[in-house]
Ligand code: PGA
């Protein structure tokens with residue numbers, strides 16, 4: 001069955017103590033007030049993951065890394081492996097976020113390796129795709145998303161593919177306050193699902209496809225109401241526990 005997921009991407013925000021406090025606040029609100037049908041994920045910075053995982057109710061709040069290494073282990077100074085994330089309590093890992101693609105040069109070729117590595121160590125990849133403004137204006141967005149999807153996911157076995165979550169994040173909507181309209185989101189989500197169905201068949205009907213990009217309490221409901229929008233990847237609004245809860249409850 002297709003799962004509803006709301007994942008908070010904290011990015012490089014919160015000191016250690018602020019992060020633990022935020023996790024505690026989110027956990028309390030989720031236990032008391034959140035829609036139980038929704039899988040809630042928080043992705044704090046690496047340094048906070050283990051403790052966040054300890055302070056939350058592990059049946060209600062899941063923890064994600066924001067990136068992982070292409071390699072399993074060894075002499076890769078500064079890198080964090082998928083296995084390390086898993087051993088610290090993470091169940092998910094965000095891969096291919098546009099900030100990783102644009103600031104750190106992550107390519108589809110590299111992300112294909114990271115997705116496989118995450119799956120090898122029992123992490124659910126939240127694989128991000130999305131076009132920049134110039135690509136949308138040139139009407140290239142379908143091609144860009146097709147390439148990001150095919151190059152990274154089409155080599156997976158069907159079993160592995162079934163474990164992947166996808167996030168459509170138009171880059172022009174991330175942190176800008178501009179959101180894709182519900183129609184724009186649905187159009188791309190359906191495009192991604194059709195593409196996945198053409199490769200993986202019926203299994204793709206169960207793939208969760210999240211929307212990301214200035215999703216907030218005031219627009220989450222109309223975005224989540226679309227047939228192919230199965231939740232959200234939330235940046236700014238995930239740093240406020242009440243806003244995050246309101247988004248979780250927007251289904
Ligand atoms: P935003 O970020 O909600 O702040 O736009 C979303 C994301 O980058 O995942």
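For beta carbons closer than 7 Å, sequence separation of 6+ or different chains, a first residue in the range 207-234 that is within 16 Å of residue 172 (Cβ to Cβ) and free of Cβ contacts under 8 Å to residues at least 40 places away in the same chain and a second that is within 15 Å of the ligand (Cβ to nearest atom) and in a strand (DSSP E or B), the qualifying pairs are 215/232; 215/234. Give me the residue from the range 199-244 that is assigned to a helix (DSSP H, G or I), touching a strand residue (DSSP E or B) at 6+ places or on another chain (Cβ under 9 Å) and away from the ligand (no atom under 11 Å from the Cβ) and, out of that set, nearest to residue 28 (Cα to Cα). Residue satisfying both the conditions and the ranking: 224. Being free of Cβ contacts under 8 Å to residues at least 12 places away in the same chain and either more than 19 Å from the chain's Cα centre (by Cα) or away from the ligand (no atom under 16 Å from the Cβ) (or both) holds for only one residue in 79, 51, and it is 79. Restricting 114, 151, 146 to residues that are touching a helix residue (DSSP H, G or I) at 6+ places or on another chain (Cβ under 9 Å), part of a helix (DSSP H, G or I), in contact (Cβ under 8 Å) with a residue 40 or more places away in the chain and within 26 Å of residue 179 (Cα to Cα) narrows the list to 146. Residue count for the range 176-198 under the criterion of being within 16 Å of the ligand (Cβ to nearest atom) and either assigned to a loop (DSSP other than H, G, I, E, B) or crowded, with 20+ Cβ neighbours inside 10 Å (or both): the result is 9.
Of all residues in the range 117-143, those being under 24 Å from residue 69 (Cβ atoms) and either within 15 Å of the ligand (Cβ to nearest atom) or part of a loop (DSSP other than H, G, I, E, B) (or both) number 9.
For the range 12-25, state whether one or more residues are surrounded by 23 or more Cβ atoms within 10 Å (Cβ to Cβ), touching a residue at least 60 places away in the same chain (Cβ under 8 Å) and over 27 Å from residue 156 (Cβ atoms). Yes; the residues of the range 12-25 include at least one that is surrounded by 23 or more Cβ atoms within 10 Å (Cβ to Cβ), touching a residue at least 60 places away in the same chain (Cβ under 8 Å) and over 27 Å from residue 156 (Cβ atoms).
Does at least one position in the range 103-112 carry a residue that is surrounded by 19 or more Cβ atoms within 10 Å (Cβ to Cβ) and farther than 20 Å from residue 160 by Cα? Yes, because at least one residue in the range 103-112 is surrounded by 19 or more Cβ atoms within 10 Å (Cβ to Cβ) and farther than 20 Å from residue 160 by Cα.
Read the figures in this text as sums done on the coordinates, not as results from a lab. Fair warning: this is a prediction, and the values are worked out from it, not measured in the lab. Note that we place each Cβ from the backbone using ideal geometry, even for glycine, and neighbour counts take in every protein chain shown.
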